[in-house]
Amino acid sequence: MNEQLKVILVKAKLNFAILASILALAVLGKFTNPEFTNTVFNTADQLVSELYLVFIAITLGAFIPNFKLVVFGSITTFIGAVILIRFSVFTYLNTEYLFAVLIVVLGFSSIANLYRHYREFRF
(Lines give C-alpha, C1' and ligand atoms only; values in the text may rest on other atoms or scores of the structure.)
Protein backbone atom coordinates (compact mmCIF):
# COMPACT_ATOMS: atom_id res chain seq x y z
CA MET A 1 0.00 0.00 0.00
CA ASN A 2 1.20 3.50 -0.76
CA GLU A 3 2.85 5.23 2.20
CA GLN A 4 0.81 8.41 1.73
CA LEU A 5 -2.42 6.41 1.77
CA LYS A 6 -1.37 4.72 5.01
CA VAL A 7 -0.72 8.07 6.64
CA ILE A 8 -4.08 9.44 5.47
CA LEU A 9 -5.88 6.36 6.80
CA VAL A 10 -4.15 6.66 10.16
CA LYS A 11 -4.93 10.38 10.45
CA ALA A 12 -8.55 9.93 9.39
CA LYS A 13 -9.55 7.07 11.69
CA LEU A 14 -12.14 9.23 13.44
CA ASN A 15 -13.61 10.30 10.11
CA PHE A 16 -14.06 6.72 8.98
CA ALA A 17 -15.44 5.74 12.39
CA ILE A 18 -18.11 8.43 12.15
CA LEU A 19 -19.08 7.50 8.61
CA ALA A 20 -19.17 3.81 9.51
CA SER A 21 -21.32 4.51 12.57
CA ILE A 22 -23.83 6.44 10.43
CA LEU A 23 -23.98 3.49 8.05
CA ALA A 24 -24.30 1.01 10.93
CA LEU A 25 -27.05 3.15 12.44
CA ALA A 26 -28.96 3.02 9.18
CA VAL A 27 -28.63 -0.75 8.82
CA LEU A 28 -29.32 -1.64 12.46
CA GLY A 29 -32.12 0.91 12.68
CA LYS A 30 -33.95 -0.75 9.80
CA PHE A 31 -34.07 -3.98 11.80
CA THR A 32 -34.77 -2.64 15.28
CA ASN A 33 -36.89 0.50 14.85
CA PRO A 34 -37.66 1.17 11.18
CA GLU A 35 -40.18 3.96 11.83
CA PHE A 36 -37.69 6.05 13.80
CA THR A 37 -34.91 5.33 11.31
CA ASN A 38 -37.07 6.31 8.34
CA THR A 39 -38.14 9.52 10.06
CA VAL A 40 -34.58 10.49 10.95
CA PHE A 41 -33.08 9.76 7.55
CA ASN A 42 -35.96 11.39 5.65
CA THR A 43 -35.48 14.49 7.78
CA ALA A 44 -31.71 14.34 7.18
CA ASP A 45 -32.38 14.09 3.46
CA GLN A 46 -34.50 17.24 3.62
CA LEU A 47 -31.88 19.03 5.73
CA VAL A 48 -29.22 18.50 3.07
CA SER A 49 -31.13 20.90 0.83
CA GLU A 50 -30.75 23.61 3.48
CA LEU A 51 -27.38 24.85 2.39
CA TYR A 52 -26.55 26.91 5.45
CA LEU A 53 -26.37 23.72 7.56
CA VAL A 54 -24.18 22.01 4.97
CA PHE A 55 -21.88 25.04 4.73
CA ILE A 56 -21.52 25.18 8.51
CA ALA A 57 -20.71 21.47 8.65
CA ILE A 58 -18.15 21.72 5.84
CA THR A 59 -16.56 24.76 7.48
CA LEU A 60 -16.29 22.93 10.80
CA GLY A 61 -14.69 19.89 9.18
CA ALA A 62 -12.33 21.75 6.89
CA PHE A 63 -11.06 24.60 9.03
CA ILE A 64 -10.93 23.38 12.62
CA PRO A 65 -7.64 21.50 12.95
CA ASN A 66 -8.64 19.37 15.94
CA PHE A 67 -11.53 17.36 14.54
CA LYS A 68 -12.19 15.72 17.90
CA LEU A 69 -13.44 19.09 19.14
CA VAL A 70 -15.97 19.21 16.31
CA VAL A 71 -17.22 15.70 17.04
CA PHE A 72 -17.44 16.02 20.80
CA GLY A 73 -18.88 19.54 20.55
CA SER A 74 -21.59 18.38 18.15
CA ILE A 75 -22.49 15.41 20.33
CA THR A 76 -22.48 17.54 23.49
CA THR A 77 -24.71 20.13 21.86
CA PHE A 78 -27.07 17.36 20.75
CA ILE A 79 -27.24 15.91 24.27
CA GLY A 80 -27.79 19.34 25.80
CA ALA A 81 -30.57 20.15 23.34
CA VAL A 82 -32.27 16.78 23.97
CA ILE A 83 -32.18 17.45 27.73
CA LEU A 84 -33.73 20.86 27.16
CA ILE A 85 -36.43 19.27 24.99
CA ARG A 86 -37.24 16.86 27.82
CA PHE A 87 -37.54 19.82 30.22
CA SER A 88 -39.93 21.50 27.72
CA VAL A 89 -37.62 24.44 27.08
CA PHE A 90 -37.65 23.76 23.33
CA THR A 91 -41.28 23.01 22.54
CA TYR A 92 -40.88 23.42 18.78
CA LEU A 93 -38.10 20.83 18.36
CA ASN A 94 -38.17 17.08 18.60
CA THR A 95 -35.46 14.50 19.12
CA GLU A 96 -35.76 13.04 15.62
CA TYR A 97 -35.07 16.43 14.04
CA LEU A 98 -32.03 17.03 16.24
CA PHE A 99 -30.71 13.55 15.51
CA ALA A 100 -31.05 14.24 11.79
CA VAL A 101 -29.14 17.51 12.22
CA LEU A 102 -26.41 15.63 14.10
CA ILE A 103 -26.13 13.07 11.29
CA VAL A 104 -25.88 15.78 8.63
CA VAL A 105 -23.33 17.85 10.55
CA LEU A 106 -21.12 14.89 11.48
CA GLY A 107 -21.36 13.36 8.01
CA PHE A 108 -20.46 16.47 6.05
CA SER A 109 -17.80 17.62 8.51
CA SER A 110 -16.21 14.15 8.40
CA ILE A 111 -16.05 14.21 4.62
CA ALA A 112 -14.65 17.76 4.60
CA ASN A 113 -12.03 16.81 7.18
CA LEU A 114 -11.12 13.71 5.20
CA TYR A 115 -10.66 15.86 2.11
CA ARG A 116 -8.46 18.24 4.12
CA HIS A 117 -6.19 15.31 5.02
CA TYR A 118 -6.09 14.28 1.37
CA ARG A 119 -5.11 17.78 0.22
CA GLU A 120 -2.21 17.89 2.67
CA PHE A 121 -0.52 15.02 0.84
CA ARG A 122 -1.52 15.94 -2.65
CA PHE A 123 0.95 18.78 -2.94
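The values are calculated or read from the model by the stated rules, or taken from the named source; none is laboratory data. The structure displayed is predicted, hence computed values, not measured ones. Positions of Cβ are backbone-derived with ideal geometry, glycine not excepted, and every protein chain shown enters the neighbour counts. When the accessible area is computed, the model is the full protein with side chains, heavy atoms only, and any ligands, DNA or RNA have been set aside. Shrake-Rupley method; radii C 1.70, N 1.55, O 1.52, S 1.80 Å.
Brief remarks follow.
- Meeting the requirement of 3 or more residues that are within 11 Å of the chain's Cα centre (by Cα) and surrounded by 11 or more Cβ atoms within 10 Å (Cβ to Cβ), the helices (runs of 4 or more DSSP H) wholly within the stretch 1-63 are 13-32, 51-63.
- Complete set of residues in the stretch 102-118 that are open to solvent by less than 30 Å² (accessible area, probe 1.4 Å) and over 10 Å from the mean Cα position of the chain (by Cα): 112, 113, 117
- Residue within the stretch 99-115 that is more than 30 Å from residue 7 (Cα to Cα) and not β-branched (Val, Ile, Thr) present: yes
- Taken over the stretch 77-101, the criterion of being in a loop (DSSP other than H, G, I, E, B) and either hydroxyl-bearing (Ser, Thr, Tyr) or open to solvent by 60 Å² or more (accessible area, probe 1.4 Å) (or both) is satisfied by 87, 88, 89, 91, 92, 94.
- Verdict on residue 75 being out of contact with any Cys (no Cβ under 7 Å at 6 or more places or on another chain), among the hydrophobic types (A, V, I, L, M, F, W, C) and modelled with pLDDT of 95 or more: yes
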